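To keep things clear, I will list the structure first and then write my remarks on it.
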């Protein structure tokens, strides 16, 4: 079974059942940590409840291989499932484990490709199955996001997630510009066919020309993107409320 960082995020974490049959609530998942150098998830960062709602408790690091991810919760069980004993069993140092989400991604030659947006991991052993990249909200809207297979991901080098040079060739998907770009390409193709069809009769040529114009009219990138970003800006301002006065 495969899960994503998004799937796991904020899920409640439950311990083993007590004699009463009720599971102890440990906390909730706030992030996933990866091996210091390998593309493998090794643990979950679990935020625990404050004591009497007053005293802040440190986050707990739970071993990924002792965690079972369900649709609505994560169940932890077994010996040496968290903390120092889990780290010793896994042969790692929790202080050296890395939270990948939000980390920069680049090639060995230094080409920056964005930041980690999400990751697909194998629930059984934590192996990486895929990596999702982002370049920021505005860039994702206009250009799109990038997803790449695990075979291109080398791991953490101390400052960034390193991926193979060929990752540069992966095209982004889902952005307004890429959608408009595809529409423009279709329009150009139909216009070319219209020109070729001119020799086969005015009716055929007119049909291709009308089709090309219709597609091109829907490819107004600037209008689409501008309107979307304005809408997003207005929603953010409304949700945030008026800015605080400077003191």
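If the segment from residue 95 to residue 147 were pulled out straight at 0.36 nm per residue, it would be longer than the present Cα-Cα gap by 15.9 nm.
Maximal additional length on extending the residue 159-residue 4 stretch stands at 53.5 nm, based on 0.36 nm per residue less the C-alpha distance.
Taking the average, over residues, of other Cβ atoms within 10 Å as the packing measure, peptides 83-92, 99-108 rank 99-108, 83-92 from highest down. Here the extension length gained between residue 57 and residue 30 equals 8.3 nm, from 0.36 nm per residue of separation less the Cα-Cα distance.
The modelled label-to-label distance between residue 73 and residue 169, using points 7 Å beyond Cα along the C-beta direction, is 4.8 nm. Diffusion coefficient of the stretch 2-98 by Stokes-Einstein, Kirkwood radius over Cα pairs, 20 °C, 1.002 mPa s: 155 µm²/s.
Every read-out reported here was derived from the displayed coordinates using simple, explicitly stated rules and does not represent laboratory data. Here the structure is a predicted model, which is why all the values come from computation and not from measurement. No Cβ is skipped: glycine too gets one built from the backbone with ideal geometry, and neighbour counts run over all protein chains shown.
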